[in-house]
Structures are given as C-alpha cells and as structure tokens.
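Colleague: Got a structure for you, written out below as structure tokens; questions coming shortly.
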Amino acid sequence: MAEIVLDKVSKRYPDGALAVSEVDLTVADGEFIILVGPSGCGKSTTLNMVAGLEDISAGELRIDGQRMNEKAPKDRDIAMVFQSYALYPHMSVRENMAFPLRLAKVDDSTVRSKVEEAARILDLTQHLDRKPANLSGGQRQRVAMGRAIVRSPKAFLMDEPLSNLDAKLRGQMRTSVSKLQKQLGTTTLYVTHDQTEAMTLGDRVVVLRAGYVQQIDSPQFLYEHPANLFVAGFIGSPSMNFLPATLEGGQIKSPLGSFALPDRVRRLAEAANAPREVIVGVRPEHFEDAQLVDETASAGGVTFTAHVDVLESMGSEKYAYFTVEGELASTAELEELAADTGADDVPGGGAQIVARLSAASRIVEGGQASVWFDATKLQLFDPSSGANLTYEEA
Amino acid sequence: MAMQGAITAGRRTRWTLVNIVVVVYALVPVLWILSLSFKTKDTLDDGKFIPRAWTFQNYADIFVTDDFVRALVNSIGISLIATAIAVVFGTMAAYAIARLDFPGKRLLIGISLLIAMFPQVSLVTPLFNIERTLGLFDTWLGLIIPYITFALPLAIYTLSAFFREIPWELEKAAKMDGATPAQAFRRVIAPLAAPGVFTTAILVFIFCWNDFLFAISLTSTNASRTVPAALSFFTGASQFEDPTGTIAAAAVVITIPIVLFVLFFQRRIVAGLTSGAVKG
Amino acid sequence: MSSVVSETVATPVKAGKKAKPVLSEGKKAERRLGLLLCAPAAIVMLLVTAYPIGYSIWLSLQRYDLRFPAEREFIGLANYAAVLSNSYWWTAFVTTLVITVVSVAIELVLGMLLALIMHRTIVGRGLVRTVSLIPYGIVTVVAAFSWYYAWTPDTGYLANLIAPGGAPLTEYLPSLAIIVLAEVWKTTPFMALLLMAGLALVPDDLLKAAAMDGANAWQRFIKVMVPVMKPAILVALLFRTLDAFRIFDNIFVLTSGANDTSSVSMQTYNNLIKGLNLGIGSTMAVLIFITVAIIAFIFIKLFGTAAPGSDSGGKR
C-alpha cells in the first residue's frame, strides 16, 4: 500500500524527442488510476518510469515520500503486469507465481501458502502444475495477475493487460480486475488504449496526448466536462460529433441550423470570452428522433431535417449516420484522434454525424428524418486552442 | 493441411508408399556399410545385403590397432574443443547481433556470410605453409583453428535466429519480480537460450566431425589425424590384407554418434538448420 | 545529460560542423558491449581467412616448390600463365562445373519433392524427417566409401546389377555419374530442409484462395508457392552451388581423380600435398577464390533485396 507521487516527471530520449513532459500526479493509497491516450502519447513510458525500467530524465518520483528515481526496479517493491503477460515459458504456473517470492528468499511453506492463496483467488488452482504454453489467453492473463499479487507489493502497474484478449473475455476480465483491486486495496496504475476500460475501471483517469497531461478527473466528470477538444473526442464511443459554428449576438449558426444559445451555454461562453468562430460538440446520445420527443422537452432543443445514410439497429438502440451541409470541424487534435481510431482509413468515414436514437424510432435508411437534439447539453470549443469554452468545475 | 481434404485410406496408403521410398533412399548406403562391417573376409565379396556369416572381427581389428583408436581420440577431442570455442564465441556475437545496436553489425553479418561460402581449399595452401612455420602443422590446434573459423558463421546464424525468438520482455518482468540483472540472466534468459545453444553445438559438432579436406591436408601422422582422414589411409596401410571390412567397421563407429544425435534431436536440428537459413 | 556537455566540449569542431546525434551513456555502453562481444568471433574469422588469402596471393606470385626450396623467387604472373594454359586445370574446372550444375539441379528437384513430402505427409512425419537427416549428418567420407564399395565389382551390389562384369568407377562418364549420385544423396536432405523452411512461409490461406480462383495443384505450386518461396530457393541454391563447387571428399574416395574426374579442389590438394608446389597450389587457391566470388556475385545480383543478411540488422 502506498502513495505514488510524480513530481514534474519528464522523459527526454537521447535523440532529443520529448516522450513525457512534466507529469504531475499524486496517486492516493489504494487508488486505481488509469493512464489513457492514443499510441505514442507517453502512457507506457510514464508507467515504465514508475517501474524503473526507464530512467527519469527530469522531475522526481516518490513512493511513500521516498525518492525512487535512482532505485532499481527490484528495490521499488512494485509489481507489473505486461501486455504480453511475460510468463516464463520454462516454468510451471506455480513456479511462475512463486518466482518473485523465491527471489525475495521467502521460506518454502510461506511460498506454498501464498501461491495457493493467489491461485484460489484467481481460480487457477487446477492449473498450477501446467506450463504457460498449455493455457488459454484468459488463464495466462490470470497467471500474470497472480504473479503480481502474490508478494503483496506496494503497487500494481498494468500495461494494457487485457488488450491481447478477445472482446468477450476482455469484458469479463475487466470486471474481475476491478473486483480484485477493490478486494486487495492496492494502489494501481493502469495503462490502456481502450476507453471503455478507462471509463469503467478507474477512480480517476489521466488523459495524455503527445507527452502532455490533458486532464485528470473521474471518468464521469471527464465525459461530461472534457477540458478540451482532444479529451472530448477521445472519451466516449461513438465519439462526440464536432461541427464548425459561428456565434453572433447570443445566436449560433451551425450546419445543424441556427438557434439561440441556451442560458447556461451562453453564460459560460461569455465568461470564457469565446471567439466568433467556434466548434460545437454534441454527444450522439443527445440526439433523438423528433417524433419521439414531446412538446415540453423539445422546447429546450433544436430540430433539423437530414438524410439518413445508414441506420444500424443494435436492438436496444439505433445508430443513425447522416450527412449535414458544410464541412465537419477539423483541427490538429481531431485529425490526430481520427488517425488513432483509424477513421481516416475509412473512405468518407469522417464526414458523418452519428446519432444514438431510441429503439422505438421509425426512421428509415435512405429517407429524410426529422432529428432533435438537446441544445442545453452542447459544448463549445475554441478552434485554435482546443479549450472547452463551456467548461465548468465540478 | 487444409488443402488436403479428407484423409482417406487410399491417401494414407499412397503417403505410406512415398515415405517408404524416402526411407529406403536415405538408409540404403548406411545399411550397406553396416552390412559390410559385419561380413567375414570370405563373404565380403558376395554383394548381398544381409551377411551370410556374421562376425565382429572387423570391429575387434580396428580397436586393437593404434591408428584407429588414436584417430578416434583425435576426432572426438578436436571436434569437442572446436565446438566449445565456436559456440562460446558464436553465442557472444549472436547475442550482440540479436539484442544490441552497434556500428559494424551489418559488416559482421556480411563477413560471416562470406566465410560460409568461402572455398575452403583456398585456405589449405596458405594455412599449410603458415602452420608449418608456426609449428602448428599436424597438431590438434592446427585443425581446431580452421574448424572454429568455418563453424563460426554457422553458429552465429543459427544462434542469432534463436535469440531473436526469445521474448526479451521477460527480462523486464524478472526485474520487476525483484531479480538483479545477473539473476534475470541466470534464471530466465539462460534457460530459454539453452536449447538454441545446444542445437547449435550439435550442428557445429557435425560440421567438425565431418571435415575431411583440412584433416587430410594439415596432418601427417596419427598425432592429430582424425577418423575421416585415417579411413582413407586404411586403404594403403599394409597391416590389413583387405581393408574393406575394417574401413566399414570404422565408418560405422564414427557414424553412430551422428545417428544418435539425429534420432534424439531431430526436431531441434531441423529447427536450427531452417531458422538460420531463412531468417538470417 | 552530462554526456551532452562532455561530447560538445570534447569535440567542439566536429559538433559544429556536423550535427551528430548525441549518444547517451547507455547507448555508448551498448555499442561498447556489442563490439566487445563480437570481437573474438570477428578476429578469429578475419585472421584465419583474410590473412591467409593475402598470403596466398603473395605466394602465387612466386616460384616456390618445397622440394626445391632454393629456387624460390618472385616470378610475377607466370604461375597463373602456367595454370591457365594447363589442360589438366581446365579439365578439372569443367568437371567441377559439370558436377556442380548437374548435382545442384537434381538436388533442387529432389529436394523440393522431399520438402513437400516432409511438409505435407499425413503419416509418419517424424520418421520421414528423422531419416532424411541421416544423409546430412553422416560423414561424407563414410558415405563415399559406401558408394565406392557398392559400385566396385568385387564387393558391390550395384556394379553387377547395371552392367555385369563392368567396372563403372574406371570409366569417365559412369564415374562422374556416381560422383553426382553420391553428392546428391548426401546433400538433398539439407536442400530439402532449407526449402521446407520456405514452404512453411507460404500461408495456407493463400493456397486456398488460389484454389478458389480456379488454380489446379500444379498451378498453385508454380504460380503461388514458388514465387513466395523464391528467397528460400535462392538461398538454398547459393549455399549448395558454392558447396558443390568445393567438392573434394567424394571424388577423393570414389576415384582419387582418376579418368579426368578430378575437381579443382583435388587439383589444388594434389599440387600442394603430393607435389609440394606452394606456388602453383596458391595460384589455384586464388583462382578458385575468384571463381567462387564471381558465382556469389551473380547470385547476390539475382537476389536483389532478398539477399540473406541484407536486412537482418534492424527489422527482426
């Protein structure tokens, strides 16, 4: 159990590339922290610096108040789970899990009881004498977890531990990782690419982009109040829709129509000294089939008509994709997000608006649809800085 | 496998026949020399595959002559020493090639490749003269040195292919589990590298054991003459009336270790030969 | 970052002229370790090949016969003239080339067959692979003796089988054929293993796709497998060609070079060990070296980027 403090921690590679820049983060004892961001954002480098597998170029890392920068990994008393699991192929499951204890010269009976305890927690008891090669992906993942928990370290570091599993298993393991962490109450730093894991697992989420921390907050807060365009676009699936718009005397002109800004939005935008040209962000779930919205509710929003290109029925809900007049918003951050999700590889993929509609909606593919959206929920962003103009502190 | 469709009895029979052809092809010369070695002097010329009269006399003969026993000792000693040194040097170089970034890496790979293709006979003349000058001619060392040289490319290629397959992330994992660098090497990396090193050792040993050109050119007495070279001198040696039986027996003796290697380590030898060649 | 400072201070001129990427301590240590680990292998290989080759060139320019050591003198290219105008040398050269081309061609076909068998057989795969390794592992001289006895009329089962009363190892063409047979028997498994590694790289899906596209078995082999395997085939051909060109053991045992069956390696050996003529021996050694270099060069040209080692440095 420990508190981990990163104090302006930076990583600069010999060739001059800055991988991580002045990360400030205090992980409370027992907290579950997620590091998330597109590939190359520095999340794994940060984790490796905490682990001691990479040197810290500047700043200080403290565990329980003690400076750790110069300590070897083995002297930091933290365990790590790797994406590839890094199980020792020549050792049985039992030997794999016992390995850290043997290195620490723990006596045999303690080793045995600790390994068996961990195996029981992870449901690996009947596999203890098998070799990793004979295990399924999920079992290997659990062995890797077992090797981490068996010596009760001060903290767990997990580097995309679930990304080699198939989708269904990943969902199940996500729940069990969460349960396990709560049960053990061990401080955990968890790196992931997957924003579902980021949303569901952590107490707090650190969003990184190109080595810089974008925002640190609880998942729900990040979702509702993204600090900037990047966080807004990265968190949420399907992601937020972005459209260019113009502000003029309390009115907003956007491809979705012209309408008066709701009070809350106008107040925040004025306080933030919003420019004339802005980017409007609307989450897919803030759209609805206009026919399903009753009079009183529709007053707070705007209705527009559009051509439905594709309609995906998911059973519990429907995703409607439609094209709107004019261009979609485009900034460096949004392009980076598109590149990361691979959207720029799909022809025409970026030019659409996604709306999540009720399953009761009767709109049809290829037809015109009247769509309503909740204007009070929209967010405005500064196109040049990317900052959220409607950001409010909790 | 999917291309083969269902396995019918007919297919099975056809493949069995094909396999028998392969087995016969590979074994006939071996069985012939084996058969010769068990024939008595009178039945040696019968041209039959199965000896009419069995004898161990040929084996008894070679083991009482100093020539063969000395040659066998030379062969074993020289091959083992050359293998050990080549594998140690090769392991060091292959580790560097597979794991480290340093200038001259490509050059080293290029040099190894050149030497693998080098006409050994081109070295025989100069080495003959150099070794005479240095007093290495007709000594163990005089053979060990060229063996190491020509075994090194083989060792480096095979080993670096093996080393590239080792998941080096395990080294990190071991460090996180509390191991010192030395412990990480000894308890995690070394056990994983061992099979590759062992396979390479077998291949290198076979190479040294097999050599004839250097053995016959750089030796002159049984002080360092190895079995393949000694075999060819049995023909003219006067102490044997008809050397056929004894040559066959000696040939069988030096074939046994190779056959044993092949039987026990087939899978590894195949892996070693193929990985080095394609991925190198 | 102390290394940055020391590097710039130590070589201010260089740093100013060319913006060289500055190496960290760790990187430098890695380079040092890499060079250190490679040093023994590199030194041995260079000392035992480069120096003797140079020495060989030097010797080839001299009259140097160990039977008449007093007559040693520098004679320029006279040895080359002597060798190149000698019909024995050219006979040996042509014989070697013929053996090389014929045996490698046969090995390629047989090796491909054997590779397909080892790769695809549905029964006894382990047995086939194990047995195929025996010719590879067996000492060449031993195998040569087996063939020698097989084809010798007195002791053999083959000599009388084909031409009763004849002695094939005393005639030119039959001798060559037997030499090729011995060579092919011994090295086909090696060829097959190299090719099998190439076969393993052909994705099964690719063959399925070709079958769906209407290719029959032969078309799948020629149009899909062979092109994908091309690098492996070229590597196997290169190694085997150069290896076959050095042929010595088989000829030594089977014919001792009688009836014009001598190879260039045999000629060199005879001049050196039997004739003790270092000058002529060295000349032949140099000529063989040059020939091999030319063969290798032609192959490497054919390889293009598929040359072994051409990109093994970084990517894998």
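Colleague: What does the charge count near A:Y212 come to, summing +1 for each Lys or Arg and -1 for each Asp or Glu among other residues with Cβ under 15 Å from its Cβ?
Modeller: Once all neighbours under 15 Å are counted, the net charge is +1.
Colleague: Evaluate peptide C:275-287: per residue, the Cβ atoms of other protein chains within 10 Å of its Cβ; return the mean as an integer.
Modeller: 3
Colleague: Still on this structure: Using 0.36 nm per residue of separation minus the Cα-Cα distance, give me the extension gain between A:S313 and A:S385 in nm, one decimal.
Modeller: 22.2 nm
Colleague: Residue by residue through region B:62-78, which ³J(HN,Hα) values in whole Hz follow from phi under the Karplus form 6.51 cos²θ - 1.76 cosθ + 1.60 (θ = phi - 60°), with glycine and proline marked x?
Modeller: For region B:62-78, the Karplus-derived couplings read 5, 7, 8, 8, 5, 3, 6, 4, 4, 4, 5, 4, 4, 4, 5, x, 5 Hz, x marking Gly and Pro.
Colleague: Kindly identify region C:83-164 as rounded, prolate or oblate by the Cα gyration tensor criterion: order the square roots of the eigenvalues as a ≥ b ≥ c, call it rounded if a/c is under 1.5, otherwise compare a/b with b/c, prolate if a/b is larger, else oblate.
Modeller: Since a/c reaches 1.5 but b/c is at least a/b, the shape of region C:83-164 is classed as oblate.
Colleague: Another question, if that's okay. For region C:68-147 and region A:1-59, what is the separation of their Cα centres, given in Å?
Modeller: About 60 Å separates the Cα centre of region C:68-147 from the one of region A:1-59.
Colleague: Would you mind calculating the gained length between C:R72 and C:W218 on full extension (0.36 nm times residue separation, minus the Cα-Cα distance), in nm to one decimal?
Modeller: That works out to 46.3 nm of additional length.
Colleague: Can you give the helix-only mean residue ellipticity at 222 nm for the protein assembly as shown, where every DSSP H stretch with n ≥ 4 adds -39500 (n - 2.57) and the sum goes over all residues, rounded to the nearest 500 deg cm²/dmol?
Modeller: Taking each H run of at least 4 residues, the total per residue is -17500 deg cm²/dmol.
Colleague: Please list, in order along region A:44-56, the HN-Hα scalar couplings obtained from phi with the Karplus expression 6.51 cos²θ - 1.76 cosθ + 1.60 (θ = phi - 60°), rounded to whole Hz, x for Gly and Pro.
Modeller: Rounded to whole hertz, the list is 5, 4, 4, 4, 5, 5, 5, 5, x, 7, 10, 6, 8.
Colleague: Evaluate peptide C:48-58: per residue, the Cβ atoms of other protein chains within 10 Å of its Cβ; return the mean as an integer.
Modeller: Across the residues of C:48-58, the mean count of other-chain Cβ atoms within 10 Å is 6.
Colleague: Read phi for every residue in region C:127-144 and hand back ³J(HN,Hα) as whole Hz from Karplus 6.51 cos²θ - 1.76 cosθ + 1.60, θ = phi - 60°, with x for Gly and Pro.
Modeller: Whole-Hz 3J(HN,Hα) from phi for region C:127-144: 4, 4, 5, 5, 4, 5, 6, 4, x, 4, x, 5, 5, 4, 4, 4, 4, 4.
Colleague: What does the average come to when, for each residue of peptide A:98-108, you count the partner chain Cβ atoms lying within 10 Å of its Cβ?
Modeller: Shielding by partners across A:98-108 averages 3.
Colleague: Then there's this: Counting other Cβ atoms within 10 Å, which chymotrypsin sites (Phe, Trp or Tyr not before Pro) in region B:1-88 have at most 16 and lie in a DSSP loop?
Modeller: Listed in order of number, the matching sites are B:F49, B:F56.
Colleague: Name the residues whose placed amide hydrogens come within less than 5 Å of the amide hydrogen of A:A19, ignoring near sequence neighbours (fewer than 5 apart) on the same chain.
Modeller: When sequence neighbours closer than 5 places are left aside, the close amide H contacts are A:K11, A:R12, A:Y13.
Colleague: Quick one: grab the alpha carbon gyration tensor of region C:38-104, order the square roots of its eigenvalues as a ≥ b ≥ c, and give me rounded if a/c is under 1.5, else prolate or oblate depending on whether a/b is larger than b/c.
Modeller: oblate
Colleague: Now for a different question. Please give, to one decimal in nm, the separation of the simple spin-label points placed at C:K28 and A:D108, each 7 Å out from Cα toward the Cβ.
Modeller: Computed distance between label sites C:K28 and A:D108 equals 4.9 nm.
Since every read-out is calculated from the coordinates, none of them should be taken as a lab result. Not measured: the values here are computed from a predicted model. Positions of Cβ are backbone-derived with ideal geometry, glycine not excepted, and every protein chain shown enters the neighbour counts.
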